[in-house]
Amino acid sequence: MLWILYPSLGLSQTVSIQNGLGEYGFGWMFGRNGACYVVMPKHVAGPFPRVTVSTSAPVESASATVVAPFWNGIDLALGIARGGLLDRCTSTLDDLEETGAGLNAMHGELVRLSPSGEMTRNRIRFADRDYLSFTGYLDSGQASIAQGTSGAFVFADGRPIGMAITSDDPARGLFMRSGEILIHVHRFLDEQGGAYLPAPPSAEEGENHSNGNALPLRFIEASVPAINPQFAPENMVEEGRFIFGTQRVMRFVFGFDEPTAVSRIVMQSTTTENQTKPKDVILRWSVDSKREHFRELQRGEMGPDGVFDSGQMAGRNIRYLEIIALNTWGDGDVVIDQVTAY
C-alpha cells in the first residue's frame, strides 16, 4: 500500500541526493547556526566533493559540499548545502534524539521522494534492534525497499528514528539508528564544524577572480539544478562549467559583500554536441538585503558565439545581480561557463 500525503515538518526535511557519478539516494536536512546541513550515507555521497540536493515539492535544488569525517567503518557523511535551501531547512539536529515512543514503536513510515518531489510513505515493521541499528521489513505487497533507498529515513510519530544504509532483500533493509547519527554529527559540529559553515558574505570562496579587473562576484542561488554535481552552478564564478536542463524558469542570483559599483556584465558559454546556450537574457539588480525587490537593468541576447556582453554602462551600486534566461538557442543541456562583473 502506498500513500502520497501532505508532509509533517520532520518528514518534509527528506531530500533527494544526486552524486557526481549520477547515482541517486536520499538524505535528511537540518538547520544549525544559519547553515543548512544534510545527513546521508557515505556511499550515497559518492567519491566527489559535491552533491546536488533536491527538496520535496515545490522542488528546490542546491549544491552541497560533502565532508565524511567519521571512521571508515561507519556509512555516514554530512553535506553543507549552498544556494536557496536555508528557508526550507527547518528541523534541528536534536530532532534525531531518540524518544521513548520511538524506541518502543513497532512500526514506522519509510519516506522517499519521487522525481517530481512528491513524498511517498511505506509502512515498515521493526525487528532485530541493537545498539547501532535495526532491521525494517516492508508490509507485503508494497514497493521494493532495495535499489535507490539508501539514505531514506524511517519516521515514527513524525520523528526520524533511522536511516537506510543497506538492503539484501527487496522487502528488508538495515537502518542506522538516529541516535547514533546524532552522537557523531553533534560531536563533529561542536568540535570542528565551524570550519565547514557556509562562507559569510566577506569570505572569498565562490568569488570570481578569473580576471584581474573583475569584481568579487559570488554565487547565491539558481532556480535549476545541475545535471551532475560536478557541473554545479558555483562554477559560474569558479573554475568549470554549469550545465543544466532547460526549464521554464532559468534564474541565477549573484551578490557582493556590500553594494558595489558595476558598469559591465559578461556571460560566456561554450557548447558541444547535444548542448545549447542561453539566448534572450534579462539582467536585474537589487540593494535589498532580503533580495525581494529587483529592478530591470538591461535586456539583451547572447550571441551565437556564446558571449553576452552588456557593454559599458553607467556605474550602478548593486548588492545582488539576477540573471534570467528566457530561452535557449536550441535543444539539449544548457551551458554557462562564466559570469563576470566589472
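Among the residues of the stretch 225-258, those identified as under 22 Å from Ile17 (Cβ atoms) and either open to solvent by 50 Å² or more (accessible area, probe 1.4 Å) or in contact with a His (Cβ under 6 Å, 6 or more places away or on another chain) (or both) are Ile227, Gln230, Phe231, Glu238, Arg241, Gln247. Tallying residues that are in contact with a Phe, Trp or Tyr (Cβ under 9 Å, 6 or more places away or on another chain) and either on the phi > 0 side of the Ramachandran plot or modelled with pLDDT under 95 (or both) within the stretch 235-254 yields 2. Cβ separations smaller than 7 Å between residues 6+ apart or across chains give the following pairs from the stretch 130-149 residues that are modelled with pLDDT of 70 or more to residues that are in a loop (DSSP other than H, G, I, E, B) and among the acidic types (Asp, Glu): Phe134/Asp128; Thr135/Asp128. Please find, within the stretch 142-181, the residue that is farthest from Val15 (Cα to Cα) out of those that are of a type in the set (Lys, Arg) and crowded, with 21+ Cβ neighbours inside 10 Å. This residue is Arg177. When the criteria are applied in full, Leu93 fails the requirement of being within 21 Å of Arg177 (Cα to Cα) and surrounded by 21 or more Cβ atoms within 10 Å (Cβ to Cβ).
Whenever a residue of the stretch 31-50 is open to solvent by 10 Å² or more (accessible area, probe 1.4 Å), its partners that are among the charged types (D, E, K, R) and outside any loop (DSSP other than H, G, I, E, B), lying with C-beta atoms within less than 9 angstrom and at least six residues away or across chains, give the pairs Arg50/Glu234.
State yes or no: is Gln338 touching a helix residue (DSSP H, G or I) at 6+ places or on another chain (Cβ under 8 Å) and open to solvent by 10 Å² or more (accessible area, probe 1.4 Å)? Here the answer is yes, as Gln338 does meet what is asked.
Contact map, the stretch 317-342: first residue under 12 Å from Val262 (Cβ atoms), second residue open to solvent by 40 Å² or more (accessible area, probe 1.4 Å) and among the hydrophobic types (A, V, I, L, M, F, W, C), Cβ cut-off under 9 Å, separation 6 or more or different chains; pairs are Asn317/Ala261; Asn317/Val287; Ile318/Ala261; Ile318/Val287; Arg319/Val287; Tyr320/Val287.
Could you please find all residues in the stretch 117-129 being open to solvent by 60 Å² or more (accessible area, probe 1.4 Å) and modelled with pLDDT of 90 or more? Write out each step before concluding.
Step one: of the stretch 117-129, the residues open to solvent by 60 Å² or more (accessible area, probe 1.4 Å) are 118, 123, 125, 128-129.
Once the filter is applied, which keeps residues that are open to solvent by 60 Å² or more (accessible area, probe 1.4 Å) and modelled with pLDDT of 90 or more, the stretch 117-129 yields Glu118, Arg123, Arg125.
Remark: His209 matches the filter, which requires a residue to be modelled with pLDDT under 60 and surrounded by fewer than 20 Cβ atoms within 10 Å (Cβ to Cβ). Residue check: is Met302 touching a strand residue (DSSP E or B) at 6+ places or on another chain (Cβ under 7 Å) and within 25 Å of Pro58 (Cβ to Cβ)? Considered against the rule, which asks whether it is touching a strand residue (DSSP E or B) at 6+ places or on another chain (Cβ under 7 Å) and within 25 Å of Pro58 (Cβ to Cβ), Met302 comes out as no.
The values are calculated or read from the model by the stated rules, or taken from the named source; none is laboratory data. Since we're looking at a predicted model, the values are computed, not measured. Backbone-built Cβ (ideal geometry, glycine too); neighbour counts: all protein chains shown. Accessible surface areas use protein heavy atoms only, side chains included; no ligands, DNA or RNA. Shrake-Rupley method; radii C 1.70, N 1.55, O 1.52, S 1.80 Å.
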